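Beneath this line is the structure, given in structure tokens, with notes to follow.
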Amino acid sequence: HAVALLLSSTSKYEIEGVDLLRFTSCADLDLLVQEKLKNNSYDVVIHAAAVSDFFVDSIEDDKGNRLDPNSKIPSDRGIRLTLKRNPKIVSRMKTISKNQNMKLVSFKVT
């Protein structure tokens, strides 16, 4: 049976014998999960990612000027962050899975 392990790009784990894929954002993880589940017939999926509910959609200074999130944000002015909701990846896993009998194990921290 094939085993795939999706890890954050900052994870230090190196595991041999598995299909090791790295992601940098919730959107990247979402795409990897969709691709893997649509193209493989996994019997079990263990979802143990603590993915943020929101991501920064835009940054503006206190005068309404849009700031580049990849550049240094000036500390001499206030900023406004606009957040956008990330998709609930685990909620869609069974519906997009090639194997409709797949067992899904996940957790939620409250």
If you roll a 1.4 angstrom probe over the protein chains with everything in place, what fraction of the accessible area of the chain belongs to carbon and sulfur, to the nearest %? 53
Return the Cα extents of the chain along principal axes one, two and three, sorted largest first, each rounded to a whole Å. 56, 29, 27
What do you get for GluC sites (Glu not before Pro) in the stretch 1-78 restricted to DSSP loop and a cutoff of at most 15 other Cβ within 10 Å of the site's Cβ? GLU14, GLU16
Obtain the nm distance between the two label points defined at ASP53 and THR10 by a simple spin-label model: each point lies 7 Å from its Cα along the Cα-to-C-beta direction. 2.0
Plugging the Cβ-Cβ distance of LYS94 and ASP28 into 1/(1 + (r/R0)^6) at R0 = 25 Å yields, to the nearest 0.05, a FRET efficiency of 0.75
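Regarding the stretch 33-94, what is the average projected area of its C-alpha convex hull, in nm²? Could the numbers behind the result be given before it?
Details: hull surface 24.0 nm².
Projected over every direction and averaged, the Cα hull of the stretch 33-94 covers 6.0 nm².
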Which value in deg cm²/dmol, rounded to the nearest 500, describes the helix-derived mean residue ellipticity at 222 nm for the chain, given -39,500 (n - 2.57) per DSSP H run of n ≥ 4 and division by the residue count? -6000 deg cm²/dmol
Most mobile of LYS38, LYS63, LYS98 in a GNM of the chain (Cα contacts under 10 Å): LYS63
In the stretch 11-94, which chymotrypsin sites (Phe, Trp or Tyr not before Pro) are in a loop and have at most 13 other Cβ atoms within 10 Å, using DSSP for the loop call? TYR13
Quick one: net charge around LEU29, please, counting Lys, Arg +1 and Asp, Glu -1 for every other residue with C-beta under 13 Å from its C-beta. +1
By DSSP, what percent of the beta bridges with both residues in the chain are antiparallel, rounded to the nearest 5? 50
Reachable aspartates and glutamates from LYS88, criterion Cα separation under 12 angstrom, eight or more residues apart if same chain: ASP30, ASP53
Find how much the distance from ARG77 to MET102 grows on full extension, using 0.36 nm per residue of separation minus their present alpha carbon separation; answer in nm with one decimal. 3.9 nm
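Report the calculated FRET efficiency for ASP61 and ARG85 (r = Cβ-Cβ distance, R0 = 22 Å), to the nearest 0.05. Please list the in-between numbers first.
Details: r = 24 Å, r/R0 = 1.08.
Using R0 = 22 Å, I get an efficiency of 0.40.
The values are calculated or read from the model by the stated rules, or taken from the named source; none is laboratory data. Owing to the predicted nature of the structure, the values given are computational and were not obtained by experimental measurement. Note that each Cβ is placed from the backbone with ideal geometry, even for glycine, and that neighbours are counted across all protein chains shown. We work out accessible area using only protein heavy atoms, side chains counted, and drop any ligands, DNA or RNA first. Shrake-Rupley method; radii C 1.70, N 1.55, O 1.52, S 1.80 Å.
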